[in-house]
Amino acid sequence: MTDPQTSLTTDSATLAEELFAPGVGAQAGPPTTPASDTGTAGAGPGSHSHGGPAPTGSPAERFTSADPDDFPVVTGREEQWRFTPMKRVRPLLEGADSDARLELTSDLPDGVELTTVGADDPLLKGLPEPVDRLAALTRVRAGGATVVRVPAEAQLDRPVTLSLRGTGSDEVVWGQTVVQVGNFAKATIVLDHAGSAKYSGGVTVLVGDGAQVELISVQEWEPGTAHGGQFDAVVGRDATFRQVVVTLGGDLVRLVSNVEYAGPGGTAELSGVYFADETQHQEHRLWVDHATPNCVSNVVYKGALQGEQAHTVWVGDVRIRPAATGTETYELNRNLVLTDGARADSVPNLEIETGEIVSAGHASATGRFDDEQLFYLCSRGIDAETARRLVVRGFFADVVQKIAVPELADRLMGTIEQRLGALPGLEEQDVEAGELQPA
C-alpha cells in the first residue's frame, strides 16, 4: 500500500469497505404509516414511495417561491428544519438587509467572463425558485448576482476558481452566484469558502445541451461561521453535471442541493464529504427531480464525526415522475462515528411514479470502527492511530478522488488528517483485542 500521507489508492478504499463493521446502520427514515390528515407521498396508480407521509423531506409536490412571505416563519418544528439548531441559524432567518460582502478573488481561464447583474436582470427571473424561507430571503437580499459565463464548445485549460472569504463582519452576508455553461462546453468550477462570516448564498448552474460541468464547493470556514445555501443545477439534453461538496469548517453549515433536467439523456452525479468535529452541525439536503425520460442520477455522500455534540444530517430525496421513463438512479449515504457523543442522522427518500425505469435504489449506513479488524491491522505492525487514519482515509478516498483538481484534493485530505490528530480522545481509545480467525 502506498504512503497514506502522499496519495489515495484503490487499495485504501477497499480496506475501508472491509473494516466497516458489518450489519450496522439500519436504514433510517420517516415512518411509512401516514400521519393523520396527510396523504402518502407519491400515492396513486402505479406509484411507489419510500419516504412516508407527504409532509416529509420528500413531498409529492414541493412548494417553491421567490417571495419570503410565502413561507411561514420558521419555528424548528417543520420537517425541513427539525434537525437544524435554531439558535445558530436564527441570525440568517431574521433576514436583515445588509451591504456586507465576502471578499472575492478569481482565477479565470481564457474565454470565461465574470460579471455582475442587478436584481431585475432577466437571467435571474428564470432561475429555479427558492425551496425554503432562507433561500427566498437570499434571493431578495442579494440584490443581484455574480455571473460566470463559459462560452459554447469551450474546452478550458484549467478550473474556474472563485475564492470567497468572510471578513468576520457581524452583519449577515447575502450572495448569489450563477454559472452559465454553453452547449458542448467542458468546464470545472471551484467555489472555495474560507474565513469567518454569517453567510447565506445561492448557487445556480445552468448546463447547456451536451456540456460537461463539474462544480466543486469547499466549506473550510473558521469557527463561529454560519453558512446556509441553496445549490440548483439545470441539466440540459445529453449533458453531464457533477457536483462535489466538501464541508469541513464552520459552526453551522446547511446546504440544500437541487437538480432538474431540461431535456432527455442528462446525467447528474452528486458527491459529498463532510467531517464534523466537536459542536459542529453540518446538514446536507438533496432533491433530484426526474421529470424527463432517460436521465441518470447518482448520489454518494460520506461523513465522519468526532467529539461531543458533533452532529451531521443528510436527507436525500429522489422523485421519479410518471413521464420519467428510462430513469436510472441510486443514492448512498454512509457515516463513520469516531467517538462517543457524536450523532449522525440519515434519511433517504425515494418516490417512483412509473414502472418503466431502468433501476432505482437507495442505502444508508451509520457505524463505528470494527475493533476486531483494527486489532488485525495492529497485529501486522500498524499502530492503532495509524490504523484509524488509514480507515478514514480509505473511507473518503472514492469521493475525494472525484475532485478533478489534484492539488485541491490533497489539501482537503491534509485538513482531514489534521483534524483526526487534533482530538486527544481519539488516540486514547483502546483497540479491544479479539481472537483472529485464520484466513
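The values are calculated or read from the model by the stated rules, or taken from the named source; none is laboratory data. This one's a predicted model, so the numbers in the text were calculated from it and none came from an experiment. Here Cβ is always computed from backbone atoms with ideal geometry, including for glycine, and neighbour counts include all displayed protein chains.
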Within segment 105-113, is even one residue assigned by TED's automatic domain parsing to the domain that holds Gln80, in contact with a helix residue (DSSP H, G or I) (Cβ under 6 Å, 6 or more places away or on another chain) and not aliphatic (A, V, I, L, M)?
no
Do we have any residue at all in segment 336-351 that's among the aliphatic types (A, V, I, L, M) and in a helix (DSSP H, G or I)?
no
How many residues are under 24 Å from Val256 (Cα atoms), in a strand (DSSP E or B) and free of Cβ contacts under 8 Å to residues at least 60 places away in the same chain if we restrict to segment 85-116?
1
Within segment 108-132, track down each residue that is under 24 Å from the mean Cα position of the chain (by Cα) and of a type in the set (Asp, Glu).
Glu129, Asp132
Can you name every residue in segment 172-189 that is in a strand (DSSP E or B) and not polar (S, T, N, Q)?
Val172, Val173, Trp174, Gly175, Val178, Val179, Val181, Lys186, Ala187, Ile189
Scan Gln180, Gln155 and give me the residue that is more than 22 Å from the chain's Cα centre (by Cα), surrounded by fewer than 19 Cβ atoms within 10 Å (Cβ to Cβ) and either at pLDDT 95 or above or of a type in the set (D, E, K, R) (or both).
Gln155
Picking from Glu356, Glu278, which residue would you name as being modelled with pLDDT under 95, acidic (Asp, Glu), in a loop (DSSP other than H, G, I, E, B) and surrounded by fewer than 21 Cβ atoms within 10 Å (Cβ to Cβ)?
Glu278
On the given criteria, is Thr75 surrounded by fewer than 18 Cβ atoms within 10 Å (Cβ to Cβ), free of Cβ contacts under 8 Å to residues at least 40 places away in the same chain and not in a helix (DSSP H, G or I)?
yes
Quickly run through segment 153-206 and pick out the residues that are among the β-branched types (Val, Ile, Thr) and over 25 Å from Gly266 (Cβ atoms).
Thr161, Thr167, Val172, Val173
If you go through segment 123-171 one residue at a time, how many are part of a loop (DSSP other than H, G, I, E, B) and either over 30 Å from Glu78 (Cα atoms) or in contact with a Cys (Cβ under 7 Å, 6 or more places away or on another chain) (or both)?
8
Criterion first (farther than 23 Å from Ala268 by Cα, in contact (Cβ under 8 Å) with a residue 12 or more places away in the chain and assigned to a strand (DSSP E or B)) does Gly229 satisfy it?
no
If Thr247 satisfies every condition in (1) closer than 26 Å to Gly143 by Cβ; (2) crowded, with 24+ Cβ neighbours inside 10 Å; (3) among the hydroxyl-bearing types (Ser, Thr, Tyr) but one, which is the exception?
(1)
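Residue by residue, here is whether (1) under 30 Å from Gly182 (Cβ atoms); (2) of a type in the set (S, T, N, Q) holds:
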| site | (1), (2) |
| --- | --- |
| Leu255 | yes, no |
| Glu269 | yes, no |
| Phe275 | no, no |
| Asn298 | yes, yes |
| Leu305 | no, no |
| Leu336 | no, no |
| Asp340 | no, no |
| Arg343 | no, no |
Return a yes/no flag: does segment 192-200 have any residue that is under 22 Å from Ser297 (Cα atoms) and either under 18 Å from the mean Cα position of the chain (by Cα) or surrounded by fewer than 22 Cβ atoms within 10 Å (Cβ to Cβ) (or both).
no
Return yes or no: is Ile382 free of Cβ contacts under 8 Å to residues at least 12 places away in the same chain and not in a helix (DSSP H, G or I)?
yes
Go through the residues of segment 365-378 one by one and say whether even a single one is buried (at least 19 other Cβ atoms within 10 Å of the Cβ) and modelled with pLDDT of 85 or more.
yes
Got a number for residues in segment 281-332 being over 15 Å from the mean Cα position of the chain (by Cα), buried (at least 24 other Cβ atoms within 10 Å of the Cβ) and in a strand (DSSP E or B)?
5
Within the set of pairs 6+ apart or on separate chains, which have a first residue in segment 141-159 that is in the same structural domain as Val117 (by TED's automatic domain parsing), a second that is among the aromatic types (Phe, Trp, Tyr), and C-beta atoms under 8 Å apart?
Arg141/Trp174; Ala142/Trp174; Gly143/Trp174; Ala152/Phe184; Glu153/Phe184
